[in-house]
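So the structure is just underneath, and the comments pick up after that.
Bear in mind these aren't lab numbers, they're just calculated from the coordinates by the rules spelled out. What you are looking at is a predicted structure, and each value in this text was computed from that prediction instead of being measured. In this analysis, Cβ positions are derived from the backbone assuming ideal geometry, glycine residues included, and neighbour counts consider all displayed protein chains.
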Amino acid sequence: MRDGEIVQIGTPIELFERPQHTFVGHFIGSPGMNILPASVTDEHVTFESQAVAVEGPITAGSGRTEIGVRPEFVSLSTTGVPARVRKVSDVGRHAVVEAMVGNTVVKAVVDETNVEQGAEIHLAFRADQTRVYRDGWIATEAAK
């Protein structure tokens, strides 16, 4: 529920795996889903001028465009979106890496990490778990 309106009904697994609204994606899970500013042109999705593969196809439309990807599906990589580590938090079995991409914070949940604050890294988003949202609502057909 958001602002007195039901935005999605489903099982906990459905809400976690297939959030229909960015509010649900960010509210369910810890840390919440990364909601990142993006643009779509000719079926190509970019975030901070970097091409990003997403679960597709994308429905036609206009409005504020964002991609949503859970931190569990963001990994440290040798290629991908360049970033700078802002913070690493050990949370037991995992670590949460907070990285800056431009002025945007992206969180990744990783099993182990040897990166430190200030390190230059690359982030990879798992395409089948990266979805496009317009004005907060899902715009990736496969996720509906």
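Taking amide H as placed 1.01 Å from N in the peptide plane, the amide H of T130 sits under 5 Å from that of E55, each at least 5 places away or on another chain.
Place a +1 charge on the Cβ of each Lys and Arg in segment 64-144 and a -1 charge on the Cβ of each Asp and Glu, then give the dipole magnitude about the Cα centre in debye, rounded to the nearest 20. Don't skip to the answer; put the middle values down first.
Details: 11 positive and 11 negative charges, 57 e Å.
In debye, rounded to 20, segment 64-144 gives about 280.
Shape of segment 25-87 from its Cα gyration tensor (a ≥ b ≥ c, root eigenvalues): rounded if a/c is under 1.5, otherwise prolate when a/b > b/c, or oblate?
Numbers: a/c = 1.99, a/b = 1.29, b/c = 1.54.
It is oblate, given that a/c is not under 1.5 and a/b is not larger than b/c.
Placing a label point 7 Å from the Cα of M100 along the Cα-to-Cβ direction, the residues of segment 115-129 with a backbone N closer than 14 Å are 117-121.
Placing +1 on each Lys and Arg Cβ and -1 on each Asp and Glu Cβ, with no other charges, gives segment 12-137 a dipole about its Cα centre of roughly 240 debye. Rounded to whole numbers, the Karplus 3J(HN,Hα) couplings from phi for segment 97-113 are 9, 9, 10, 9, 10, x, 9, 10, 7, 10, 9, 10, 9, 10, 5, 8, 8 Hz, using 6.51 cos²θ - 1.76 cosθ + 1.60 with θ = phi - 60°, and x at Gly and Pro.
Given a Förster radius of 25 Å and the C-beta distance between F16 and V91 as r, what FRET efficiency does 1/(1 + (r/R0)^6) yield to the nearest 0.05?
0.90
Exposure proxy ranking for V91, V81, based on other Cβ atoms within 10 angstrom of each Cβ and starting from the fewest, stands as V91, V81. Listed values for segment 124-130 are Karplus-derived 3J(HN,Hα) couplings in whole Hz (6.51 cos²θ - 1.76 cosθ + 1.60, θ = phi - 60°), namely 10, 9, 5, 4, 6, 10, 10, and x replaces Gly and Pro.
Entry note, the chain: relative contact order of 28 percent, from Cα contacts under 8 Å with a spacing of 6+ residues. Can you give me the C-alpha center-to-center distance between segment 1-27 and segment 95-144, rounded to a whole angstrom? Taking the Cα centre of segment 95-144 as reference, the centre of segment 1-27 is 19 Å away.
Residues of segment 77-93 falling in the label zone of D111, defined by backbone nitrogen less than 17 Å from a point 7 Å along Cα to beta-carbon, are 77-78, 91-93. Would you please classify the overall shape of segment 12-137 from the alpha carbon gyration tensor, given that a ≥ b ≥ c denote the square roots of the eigenvalues, rounded means a/c under 1.5, and beyond that prolate means a/b larger than b/c while oblate covers the rest? Oblate is the answer for segment 12-137, as a/c is 1.5 or above yet b/c matches or exceeds a/b. In the chain, the DSSP-assigned H stretches of four residues or longer account for a calculated mean residue ellipticity at 222 nm of -2000 deg cm²/dmol, using -39500 (n - 2.57) per stretch and the full residue count as denominator.
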